[in-house]
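I have placed the structure first, in the form of structure tokens, so that the comments after it can refer back to it.
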Amino acid sequence: MSTAPPSPSFSAHTLDACFLGPYAQNDTLLEKLVVEFLRDHVYWRRNFHPEDPLAISTSAALHPDYLAFEAKMRRELHLLSAALKKSVPFHSPRYIGHMASDLLLPGLAAQILTLPYNPNNVTEDAAPVTVELEVKVGLQLARMLGYVDDPMHPECAFGHLTSGGTVANYQALRLALAQKAFPVALRAAGISELGLPEDDWAAFNLHPRAATALVARWGEWLAQAAPAERKRWQMKVAAARIEQLGLVEFFAAHPALKVPKVLAPVTAHYSWSKGCKLLGLGRAQLGQLPERGMRIDVDAMEAILAQCLRERQPILMAVAVLGTTEYGTIDPIDAVVAARERFAQRGLGFAVHVDAAWGGYLATLFRNEDGSLRSRDEVAHGFDAFPTPAAHAAVAAIADTDSVTVDPHKLGYLPYGAGAFICRDHRATVLLTEAADYVFHGTASSDYMTRYRSLGQIIPEGSKSGAAAAAVYVSHQVLPLDHAHFGLLTARTIEAAEAFRTRAHQFAEENADVVAALVPFDPDSNLVCLALNPAGNRSVAVANAFVRRLHDELRIDPGHPVQDKQFFGSATTLKPEALGDDGIQRIFAALGLDAATLDDAADSKLMILRHTLMNPYLIDRENGISYIDLYFEHLAKRVRALAG
Ligand SMILES: *Cc1c(COP(=O)(O)O)cnc(C)c1O
């Protein structure tokens with residue numbers, strides 16, 4: 001497993017071997033891999049105690065009951081296979097709807113290869129191989145994000161997989177709350193030797209770095225205590241922890257503290273609302289950070305932080321989004337980190353989490369092969385406008401955040417069931433364990449790996465797929481997460497997005513007689529929206545009805561064969577509170593709409609088309625075709641038909 005593969009030189013030709021392909025051109029490659037490794041699995045079984053007699057006789061397959069079962073199984077499988085023909089054709093460059101595309105062959109093959117071994121990554125007892133791969137995936141992603149990825153380093157990052165970004169976001173909340181409340185528990189237990197904060201407010205408001213350092217000091221202090229003493233202190237602290245008491249008893253015991261708030265931007269994914277409910281914080285604790293031009297409004301955020309400080313309202317975490325789900329925009333992570341540093345100094349400490357479920361893999365473009373950050377000019381080479389200086393600064397600042405969510409099953413092009421949570425400093429994770437020993441046995445790499453072999457102690461889930469971990473690991477090994485490897489694929493999506501934007505302007509000019517069309521704000525990544533309004537119309541309701549009809553034609557209709565569809569797109573709405581007043585005015589003026597026609601009900605927001613440009617074959621260089629051009633030609637026809 002650890003023998004280094006020969007390094008192919010990466011080029012466009014490499015990408016041709018990466019996917020099954022729009023026409024399943026690489027069918028023989030996948031078939032060869034699947035058959036080869038299925039046989040390999042068979043031989044593995046056969047070589048395990050071959051002296052055991054055959055429990056299924058060689059004539060079993062002749063029995064009528066066997067044959068009847070096989071027939072029934074085949075029937076159901078055929079029914080399933082037939083039904084699945086209605087599936088969404090994610091693999092096609094005609095699919096530019098939601099966040100899905102073709103699957104990377106190394107990941108798909110690794111997943112299929114691993115499935116019959118059925119490893120369970122809850123613990124190494126059930127997954128002697130794939131648990132280690134999962135911990136290594138955490139390090140691969142940490143490196144991509146700019147965190148320390150060397151397990152020999154005491155402050156090395158740690159990451160693990162989850163079923164998806166939603167659960168990774170829960171894990172971020174869980175870890176942030178554990179870190180925030182732990183110093184308060186240490187004080188309550190009456191441990192004075194550790195240099196604890198002077199009061200509950202200060203303890204609850206440590207900078208996360210200071211809180212992690214305190215956890216580490218506590219571990220070292222315990223390690224040198226006599227066994228009986230150690231046990232006594234562990235029990236005392238455990239009894240005072242928020243995880244033991246629950247929110248109600250914890251805050252009753254600390255009247256100077258309030259339940260902390262989570263601050264997330266207006267356009268944040270709804271998993272944050274789910275997470276606040278799940279943790280028992282309540283949705284009322286989810287505060288919205290105002291936005292301007294679909295990105296966090298830093299001035300407004302500062303005002304909110306100042307108000308929280310005045311009112312002694314603690315904050316659990318500020319969430320910045322790298323690639324919003326609806327618009328692909330990137331929040332100013334650097335400014336959020338800077339604000340956190342300032343407010344932590346003033347006694348309002350909180351965690352900064354980056355929700356990069358969608359955009360995390362964009363960071364591949366920002367990494368050299370040695371893991372160092374590329375300059376803005378280096379990244380920008382070959383693109384029209386990407387990355388904006390703001391986007392570059394945001395990605396560069398991830399290194400100073402506390403944790404990140406990334407979805408390998410989105411821009412990592414891997415099968416579902418692969419989200420990831422990564423925290424900057426692994427020493428905090430001891431607070432998540434069920435049976436915490438709090439004792440750190442040095443910091444050597446072997447200890448790091450050993451510690452995390454009991455993943456079930458830390459993850460929100462229990463049993464989980466080792467095959468998914470194998471898929472992510474192998475994919476990242478074959479396509480390292482830097483600009484020269486995986487980044488080639490990411491670059492294609494950015495090129496497609498830039499081509500889309502250019503073509504959208506041309507579409508707007510050519511069809512101005514029937515429709516006003518506009519890319520409503522500059523995309524930061526590979527999601528591009530298009531706002532449309534029939535020429536001469538002033539009313540939001542009429543514009544929304546028009547876009548809804550267009551979208552109805554562009555979306556999956558379970559009653560219709562997918563083969564009938566020319567293209568697939570998706571839709572979203574422009575929320576006035578995410579655009580800011582100047583944004584609304586600019587967009588409504590350009591579309592010829594009257595903002596006064598926004599109402600309080602169905603038409604309180606403007607409906608727009610949304611396009612996810614992640615298929616690597618949107619621009620087909622082999623045949624000199626652009627599916628982006630074809631899409632706009634199709635859209636022009638439909639717009640003319642609907643407006644006429
Ligand atoms: C997709 C997404 C999520 C949720 O991830 P799942 O994998 O669907 O659970 C969270 N945040 C953002 C920004 C997303 O794009």
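Summary table below
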{"item": "Counted residues, the stretch 407-422 - those being within 9 Å of the chain's Cα centre (by Cα) and either more than 15 Å from Leu104 (Cβ to Cβ) or more than 10 Å from the ligand (Cβ to nearest atom) (or both)", "result": "3"}
{"item": "Selection from the stretch 12-32 of residues that are touching an Asp or Glu at 6+ places or on another chain (Cβ under 9 Å) and among the acidic types (Asp, Glu)", "result": "Asp16"}
{"item": "Condition broken by Thr325, with the remaining ones in (1) over 23 Å from Lys258 (Cα atoms); (2) away from the ligand (no atom under 15 Å from the Cβ) satisfied", "result": "(2)"}
{"item": "Hey, Lys258 of a type in the set (D, E, K, R), out of contact with any Lys or Arg (no Cβ under 6 Å at 6 or more places or on another chain), surrounded by fewer than 21 Cβ atoms within 10 Å (Cβ to Cβ) and part of a loop (DSSP other than H, G, I, E, B) or not", "result": "yes"}
{"item": "Tabulated pairs, the stretch 262-275, first outside any helix (DSSP H, G or I), second open to solvent by 20 Å² or more (accessible area, probe 1.4 Å) and near the ligand (Cβ under 10 Å from one of its atoms), C-beta under 8 angstrom, 6+ apart or interchain", "result": "Thr267/Thr325; Thr267/Glu326; His269/Thr166; His269/Thr325"}
{"item": "Cβ-Cβ under 6 Å pairs, at least 6 apart or on other chains, the stretch 449-461 side open to solvent by less than 40 Å² (accessible area, probe 1.4 Å), far side assigned to a helix (DSSP H, G or I)", "result": "Tyr452/Val135; Leu455/Val131; Ile458/Thr429; Ile458/Leu432"}
{"item": "Evaluation of Val404 against (1) crowded, with 16+ Cβ neighbours inside 10 Å; (2) over 13 Å from Gly146 (Cα atoms); (3) among the β-branched types (Val, Ile, Thr) (one fails), failing number", "result": "(2)"}
{"item": "Which numbered condition Arg143 fails, given (1) open to solvent by less than 80 Å² (accessible area, probe 1.4 Å); (2) in contact with an Asp or Glu (Cβ under 6 Å, 6 or more places away or on another chain)", "result": "(1)"}
{"item": "Search result, residues across the stretch 617-633 that are open to solvent by less than 40 Å² (accessible area, probe 1.4 Å) and modelled with pLDDT of 95 or more", "result": "Leu618, Ser626, Ile628, Tyr631, Phe632"}
{"item": "Enumeration of residues in the stretch 166-206 that are among the small types (Gly, Ala, Ser), open to solvent by 20 Å² or more (accessible area, probe 1.4 Å) and either within 23 Å of Leu286 (Cβ to Cβ) or out of contact with any Pro (no Cβ under 9 Å at 6 or more places or on another chain) (or both)", "result": "Ala188, Gly190, Ser192, Gly195"}
{"item": "Enumeration of residues in the stretch 352-366 that are more than 12 Å from the ligand (Cβ to nearest atom), out of contact with any Gly (no Cβ under 7 Å at 6 or more places or on another chain) and not aliphatic (A, V, I, L, M)", "result": "Phe366"}
{"item": "Selection status of Val135, buried (at least 21 other Cβ atoms within 10 Å of the Cβ) and touching a helix residue (DSSP H, G or I) at 6+ places or on another chain (Cβ under 9 Å)", "result": "yes"}
{"item": "Every pair of residues 6+ apart whose Cβ atoms lie under 9 Å, when the first sits in the stretch 550-562 and is within 20 Å of Leu609 (Cα to Cα) while the second is among the aromatic types (Phe, Trp, Tyr) and assigned to a loop (DSSP other than H, G, I, E, B)", "result": "Glu553/Phe567; Leu554/Phe567"}
{"item": "Sole residue being acidic (Asp, Glu) and out of contact with any strand residue (DSSP E or B) (no Cβ under 8 Å at 6 or more places or on another chain), chosen from Asp27, Asp102", "result": "Asp27"}
{"item": "Residue that is farthest from the chain's Cα centre (by Cα) [pool: residues in the stretch 554-575 that are in a helix (DSSP H, G or I) and surrounded by fewer than 18 Cβ atoms within 10 Å (Cβ to Cβ)]", "result": "Asp564"}
{"item": "Answer from Tyr117, Tyr95 - the residue that is open to solvent by 60 Å² or more (accessible area, probe 1.4 Å) and in contact (Cβ under 8 Å) with a residue 12 or more places away in the chain", "result": "Tyr117"}
{"item": "Odd one out for Ser163 among (1) within 16 Å of the ligand (Cβ to nearest atom); (2) buried (at least 24 other Cβ atoms within 10 Å of the Cβ); (3) not aliphatic (A, V, I, L, M)", "result": "(2)"}
{"item": "Single unsatisfied condition, Arg310 versus (1) in contact (Cβ under 8 Å) with a residue 24 or more places away in the chain; (2) basic (Lys, Arg); (3) away from the ligand (no atom under 16 Å from the Cβ)", "result": "(1)"}
{"item": "Residue within the stretch 331-339 that is at negative phi, within 14 Å of the ligand (Cβ to nearest atom) and not polar (S, T, N, Q) present", "result": "yes"}
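Listed here are the residues, each with its yes/no results for (1) assigned to a loop (DSSP other than H, G, I, E, B); (2) more than 14 Å from Tyr95 (Cβ to Cβ).
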site	(1), (2)
Ala590	no, yes
Asp599	yes, yes
Arg610	no, no
Pro616	yes, no
Ile628	no, no
Phe632	no, yes
Lys637	no, yes
Leu642	no, yes
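The values are calculated or read from the model by the stated rules, or taken from the named source; none is laboratory data. The structure displayed is predicted, hence computed values, not measured ones. Glycine also receives a Cβ, built like all others from the backbone with ideal geometry; neighbour counts cover every protein chain displayed. The area values use the complete protein model at the heavy-atom level, side chains included, leaving out ligands, DNA and RNA. Shrake-Rupley method; radii C 1.70, N 1.55, O 1.52, S 1.80 Å.
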